[in-house]
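Asker: This is the structure I have questions about; it appears just below.
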């Protein structure tokens, strides 16, 4: 069975890390992911651009509402995610509207991806 | 690494991250910068003492505000009774009150607190150098020593500068009421300008100063991000943040190993910081959707075109020219026109660019880059004697040894050319059979 691990942390604290601290964390993570890759267990890994670059599409109304900033409600839960290749934020919103029309209710938080590793799980 | 050391690292990071908002909230209670700072310092000391044992609080900022406020209140009370303060462990536990407090410090409050704190630091009564120093000391929490080093001045001079700024602030009348929409917009613009100043202090450093001054760029980016988190729908703040990131992404390639200036077109683009470029481009993209153009967005869009070009030849100069034209309308300045002339030279040749900058000779007669560009354009037109005059003037105005060295390279080339020309003409005068 595939499991998703969703990473939460305080963005301001993580952004306040020095370059050395950052490199140290990445090196330690790298040792673990390397092992997982050898075992063929690592699926896609993504590091997101900070939430300042986030846009949220509320699709519980028609037409859907575009809000600057990350998803901020607490009454809804994270149920899944898509990774989609888009030319621009406008393009991403267009795609999100299309998906939202197929599955209304709730919201999509749209976040550009900083780094992406496709992984090899199940290969 | 020992557990104690790793504790200190995360606590330090958490305190750094919480500082601006916690200090801003404390300032609302005390209405006095020094008192707010002392209360925050005291709260940090308690955090270092209690967090390793009890674990981090759910909301570090709220914890620091509550403890800072209580400590200050207790201190006043104990001082009145002339009794010593109890040890940190004897203080009542903050955790039970934390939730209640966090409730009251809702997002709206935080936003106005922080904007006020930032605004106080860039109060119009303060000269720019004091604004920057105060913001770095108060908001960013850099030590006087760190700031002095970044400004390349002595510690006591910097201490004085900050003290003077603080006493001016104390005399100035800063409103503590929640600002109205117009005042908030004005404050936001002043704060954005101050953050840009902090960045430029770091960015305009010469090679010798770069290592010491680069933290200023990082700090400016941190402040811009902070502002953007508070005002997520302001396209100009997105533009500012993007602009800083796109410029900072090129930092490591701007000087060579000997400290000489490396021009944009000669920089090793593979060494540009891709993460910063990705984030900057994403922010521009987000800002554009608002269709409310502003100077930071336009400058960021120009930087984005450079960042997107994989080689200098791929640079979209026509688009850059249009963006500079837009910037000339939004924020007219001779420096903007001078920058536009670089794009015009690429598009229409040096003569067109020279015609464009000639009217700037008056306002920019003390500006290094004006004479640098003028000399380069004249050189390309073969007007070497005039080029030499312009380059000489540029060297006299250079802000750093690296800038002067860069211009001297042009002068050397001119000297070589004229020597070659002289040889050639001598050759012609001599034997007709001479082979060049």
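Asker: When only C-alpha pairs under 8 Å and at least 6 residues apart count, what is the relative contact order of the stretch A:11-117, in percent?
Answerer: Here the relative contact order equals 37 percent.
Asker: Calculate the length of the line joining the C-alpha centroid of the stretch B:386-417 to that of the stretch A:38-103, in whole Å.
Answerer: 53 Å
Asker: At a 10 Å Cβ-Cβ cut-off, how would you order B:173, B:113, fewest neighbours first?
Answerer: Starting with the residue having the fewest Cβ neighbours, the order is B:173, B:113.
Asker: Given Cα pairs under 8 Å that are at least 6 residues apart, what percent is the relative contact order of chain B?
Answerer: Over chain B, the number comes to 9 percent.
Asker: If one takes the longest principal axis of the Cα atoms in chain B, at what angle in degrees, from 0 to 90 and to the nearest 10, does the Cα axis of helix B:181-203 lie?
Answerer: It works out to around 60 degrees.
Asker: Does anyone have the angle between helix B:128-138 and the longest principal axis of chain B? Alpha-carbon axes, 0 to 90°, nearest 10?
Answerer: That works out to roughly 40 degrees.
Asker: Cα convex hull of the stretch B:237-284: how many Å³ per residue?
Answerer: 68 Å³
Asker: Which three extents, in whole angstrom, do the alpha-carbon atoms of the stretch B:233-315 cover along their principal axes, largest first?
Answerer: Reported extents, whole Å, longest axis first: 43, 23, 21.
Asker: Ok, one more. Helix A:19-38 versus the longest principal axis of chain A: what angle, 0 to 90°, nearest 10, using Cα atoms?
Answerer: Compared with the principal axis, the helix lies near 90 degrees.
Asker: A follow-up question, please. What shape does chain B have by the C-alpha gyration tensor, where a ≥ b ≥ c are the square roots of the eigenvalues, rounded means a/c under 1.5, and otherwise prolate means a/b greater than b/c and oblate the rest?
Answerer: prolate
Asker: Here's something else I'd like to know. Over the alpha-carbon set of chain A, work out the extent along each principal axis and list the three values in angstrom, largest first.
Answerer: Cα spread of chain A along its principal axes, largest to smallest: 47, 37, 31 Å.
Asker: Right, something else. D for the protein assembly as shown, whole µm²/s, Stokes-Einstein with Kirkwood Rh over alpha-carbon pairs at 25 °C and 0.890 mPa s: what number?
Answerer: 91 µm²/s
Asker: Modelled label-to-label distance, residue B:177 and residue B:256, 7 Å Cα→beta-carbon offset: nm?
Answerer: It works out to 6.1 nm between the two label points.
Asker: One quarter of the convex hull surface, Cα atoms only: what value does that give for the stretch B:23-80 in nm²?
Answerer: 3.9 nm²
Asker: Can you tell me, using C-alpha contacts under 8 Å and at least 6 residues apart, the relative contact order of the stretch B:108-231 as a whole percent?
Answerer: The normalised contact order for the stretch B:108-231 reaches 28 percent.
Every number in this text was worked out from the coordinates using simple rules, so none of it is lab data. Small disclaimer: the values here were computed from a predicted structure and weren't measured. So basically every Cβ, Gly included, is an ideal-geometry build from the backbone, and we count neighbours across all protein chains shown.
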